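Worksheet for the structure shown next.
The values are calculated or read from the model by the stated rules, or taken from the named source; none is laboratory data. Note that this is a predicted model, so its numbers are computed, not measured. Here the Cβ positions follow ideal geometry from the backbone for every residue, glycine too, while neighbour counts run over all protein chains shown.
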Amino acid sequence: MISDFVKGKQKLDYPAGIQKGIALHRAIDEFTDTHEATREAKEIFRPDYRLYSGAIVDVVYDHFLAADENEFSENRLHDFSQEVYQTLHRNSHWLPGQFAGMLPYMKEQNWLFHYRSRWGAGKSLGGLVRRARYLTETETAFRLFEENYQPLAECYRHFWAAAKPFATRTFEELADKGKLSS
């Protein structure tokens, strides 16, 4: 989860397991950015958000993953969210400052669980404005999300069918290079 807050070789400042997690995140990001379904989904947002269309699609995919009953029942997503927050808390000494500052709000408002709802996805889009340098609004993005919900859901399904096995394979390859627990 901290990969976006760890730049370049800063990952070498972390223990091997966290370095592998960062490597996994970066591999998944690259896979996501180059997947044809992601390119298609970005086109919905690109006229209004240009380079930020990728970040918006990441939020959209997070929504569809959290709402995907094949991956998470509502109860399982809630439990998973709590497990993630506990893991982050136990490892708080490794969290980059910006992420550590955000974590209490993430936990209190249960961002991971609320991705499941359209409202939660909208709140996450709003969070992009606070973190992005050149982004001033996401109301248009939310409107486009709502108007294109079914085509975006199809993009997610096409993407996820390839992304899940890719992530599993990459995790296993990293684990084979040394001990990496799930």
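Before moving on, here are some points about what is shown:
- Count of residues meeting criterion [within 15 Å of the chain's Cα centre (by Cα) and of a type in the set (Val, Ile, Thr)] in region 78-112: 1
- Criterion (under 19 Å from residue 133 (Cα atoms) and free of Cβ contacts under 8 Å to residues at least 40 places away in the same chain) met by exactly one of 73, 53, 81: 53
- Residue satisfying condition, being farther than 23 Å from residue 25 by Cβ and surrounded by 19 or more Cβ atoms within 10 Å (Cβ to Cβ), within set 77, 144: 144
- Hits in region 118-165 (condition: touching a residue at least 40 places away in the same chain (Cβ under 8 Å) and small (Gly, Ala, Ser)): 120, 121, 124, 132, 141, 153, 162, 163
- Members of region 136-152 found to be at pLDDT below 95 and either β-branched (Val, Ile, Thr) or under 12 Å from residue 63 (Cα atoms) (or both), listed by number: 136, 138
- Selection from region 23-54 of residues that are buried (at least 18 other Cβ atoms within 10 Å of the Cβ), closer than 22 Å to residue 140 by Cα and not β-branched (Val, Ile, Thr): 37, 41, 42, 45, 49, 52, 53, 54
- Within region 101-126, if we keep just the residues that are among the small types (Gly, Ala, Ser) and surrounded by 13 or more Cβ atoms within 10 Å (Cβ to Cβ), the residue that is nearest to residue 60 (Cα to Cα) turns out to be 121.
- Residue list for region 121-164, restricted to those being among the hydroxyl-bearing types (Ser, Thr, Tyr), more than 15 Å from residue 37 (Cα to Cα) and assigned to a helix (DSSP H, G or I): 124, 140
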